[in-house]
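Working notes, structure below.
The values are calculated or read from the model by the stated rules, or taken from the named source; none is laboratory data. Because the structure is predicted, anything quoted here is derived from the model rather than measured. Methodologically, a virtual Cβ is constructed for each residue, glycine included, from the backbone with ideal geometry; neighbour enumeration extends over all protein chains shown.
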Amino acid sequence: MMTTDKQRVKELLIATKYGVSAAECPMIVQVAEARALAIIEELIRDGEDIHSLAGDGTPEHLVLYSIGPIDESI
């Protein structure tokens with residue numbers, strides 16, 4: 001069975017406790033940055049427990065996302 005882009009992004013968001021940005025998705029799960037952002041927005045609409053971490057003015061593709069709380073201790 002082939003893994004879909006949505007499944008790969010969702011599994012990555014579950015696996016990271018420090019958050020991951022859409023800009024990192026092409027390297028980690030081979031999903032284009034714009035597609036990853038669209039999938040994250042779709043997961044939010046689906047009701048997933050998406051958390052995000054960003055400073056003021058952080059570009060959207062560099063915001064850190066995670067399913068579940070992000071560990072900010074580092």
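In the set (1) among the polar types (S, T, N, Q); (2) surrounded by 13 or more Cβ atoms within 10 Å (Cβ to Cβ); (3) modelled with pLDDT of 95 or more; (4) out of contact with any Gly (no Cβ under 8 Å at 6 or more places or on another chain), Thr16 fails one condition alone, (3).
When Ile74, Ile67 are screened for being at pLDDT 95 or above and of a type in the set (A, V, I, L, M, F, W, C), only Ile67 passes. Close Cβ contacts (under 9 Å, 6 or more residues apart or on different chains) running from residues in the range 49-67 that are closer than 11 Å to Leu37 by Cβ to residues that are in a strand (DSSP E or B) comprise Val63/Ser52; Val63/Leu53; Tyr65/Val20; Tyr65/Ile50; Tyr65/His51; Tyr65/Ser52; Tyr65/Leu53. Within the range 51-74, being outside any loop (DSSP other than H, G, I, E, B) and buried (at least 17 other Cβ atoms within 10 Å of the Cβ) holds for Leu64, Tyr65, Ser66, Ile67. Taken over the range 41-74, the residue count meeting the criterion of being hydroxyl-bearing (Ser, Thr, Tyr) and touching a strand residue (DSSP E or B) at 6+ places or on another chain (Cβ under 8 Å) is 3. Scanning the range 27-41 for residues that are within 14 Å of Thr4 (Cα to Cα) and loosely packed, with under 14 Cβ neighbours inside 10 Å returns Gln30, Ala32.
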